[in-house]
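The structure appears right after this line, and notes come after that.
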Amino acid sequence: QVQLVESGGGLVQPGGSLRLSCAASGSISGYAMGWYRQAPGKQRELVAGIGTAGSINYADSVKGRFTISRDNAKNTVYLQMNSLKPGDTAVYYCNRRPPSNAYWGQGTQVTVSS
């Protein structure tokens, strides 16, 4: 069964950038993938999704600032986050789209603070 491991989070000042990676232990080429985030006290939400042929969608709150991409040869999905805001603070997860409870991992913490 495919395992997903997120990395790249950290503490960054407002306006800064981070690049998150989601490394899969097996092939992801046949699956739409997405990045999700969950802040304390809030529901988990879809941040960005990418289809098997490259179709992309973003949450309105991140459109124009975040870029999702995938490298099927590396079994990896990326999320480039620019112009970060305090409201982006959350634990970021990757998963299939639609998500499966079997694939939620530890996530990676993103904290945007001055």
Can you give the convex hull volume per residue for the Cα atoms of segment 1-64, as a whole number of Å³?
122
At 0.36 nm per residue, and after removing the present C-alpha to C-alpha distance, how many nm does the segment from THR111 to ASN82 gain when stretched out fully?
9.1 nm
Sequence-separation-based contact order of the chain, relative, with Cα cut under 8 Å and 6+ spacing, percent:
37
Explain nothing, just the number: relative contact order of segment 4-60, from Cα pairs under 8 Å at least 6 residues apart, as a whole percent.
23
Among all the aspartates and glutamates, which ones have a C-alpha under 20 Å from LYS85's C-alpha, if same-chain residues fewer than 8 places away are not counted?
GLU45, ASP60
Rounded to the nearest 20 Debye, what is the dipole magnitude of the chain about its Cα centre when Lys and Arg each give +1 and Asp and Glu each give -1 at the C-beta?
80
Give me the percent of the accessible area of segment 19-70 that comes from carbon and sulfur atoms, probe 1.4 Å, all protein chains in place.
47
Taking the chain as a Gaussian network, where each spring joins two C-alpha atoms under 10 Å apart, which residue of LEU84, LEU20, LEU11 fluctuates the most?
LEU11
Find the Cα radius of gyration of the chain, compare it with 2.2 N^0.38 Å by division, and give the number to two decimals.
0.98
Ranking by accessible area, most exposed first, for ASP60, ASP88 with a 1.4 Å probe:
ASP60, ASP88
To the nearest Å², the heavy-atom accessible area per residue of the chain with 1.4 Å probe amounts to 51
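The values are calculated or read from the model by the stated rules, or taken from the named source; none is laboratory data. Quantities reported herein were computed from a predicted structural model and do not represent experimental measurements. Don't worry about glycine lacking a Cβ; one is built from the backbone with ideal geometry, like all the others, and counts go over all protein chains shown. Heads up: the accessible areas ignore ligands, DNA and RNA and are worked out on the full protein's heavy atoms, side chains in. Shrake-Rupley method; radii C 1.70, N 1.55, O 1.52, S 1.80 Å.
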